[in-house]
Amino acid sequence: ATDRVLELRNSLDQLPHKSPTAAGLLSALVPGTGQAYVGAWSSASVAFVLNGLFLATTLEFARKDLHAAAATSGLIFSITYVGNIVSAVDSARRYNEGHARPVEQELHRNLFPELHPVSVPLVRQEF
């Protein structure tokens, strides 16, 4: 059991990993690229389209001197922009947790077998 525990512990270091910082920075530079880095392609496309749409709308309103509309659209753009960054960081964290969870669960089962009793099928006796 000790060898298996060491093997599992070492395998945690070998798991695929995505940097939450890199995901956030990528999405700060170009909305959606942090999600793409993690492999969350649908989230990446939504982030890119929404941010592009609200940025273009804000610029168009400003160009036409519609200042209140530009401010409102700019506020919405700011919210979607920050949300895009937060989403990218969260996607990287969920990616890492998803890869580590099965190994951590097996490690826990090996370290604490008394917490994971083996289920014994009930034998039905007829009288």
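Here are some notes:
- From helices alone, the chain scores -26000 deg cm²/dmol at 222 nm; the rule is -39500 (n - 2.57) for each run of n ≥ 4 DSSP H residues, then divide by the residue total.
- Among Leu50, Leu111, Leu12, residue whose mean-square fluctuation peaks in a GNM of the chain (springs only between Cα atoms under 10 Å): Leu111
- When a 1.4 Å probe is rolled over the protein heavy atoms, the share of accessible surface on the chain that falls to carbon and sulfur comes to 65 percent.
- Gain on full stretching of the segment that runs from Gln14 to Leu75 - 0.36 nm per residue minus C-alpha separation: 17.7 nm
- Of the DSSP H helices in the chain, those whose Cα atoms cover at least 24 Å axially and whose Kyte score averages -0.5 or more: 41-63, 67-111
- Averaged over its residues, the chain has an accessible area of 71 Å² per residue, based on protein heavy atoms and a 1.4 Å probe.
- Extension reserve of the Ala100-Ala68 stretch, reckoned as 0.36 nm per residue once the Cα distance is removed: 6.7 nm
- Given (1) 85, 23, 19; (2) 47, 30, 26; (3) 87, 44, 19, the label whose value is Cα extents along the principal axes in Å derived from this model: (3)
The values are calculated or read from the model by the stated rules, or taken from the named source; none is laboratory data. Since the structure is predicted, the reported quantities are computational estimates derived from the model, not experimental observations. Quick note on the areas: whole protein, heavy atoms, side chains included, nothing else; ligands and nucleic acids left out. Shrake-Rupley method; radii C 1.70, N 1.55, O 1.52, S 1.80 Å.
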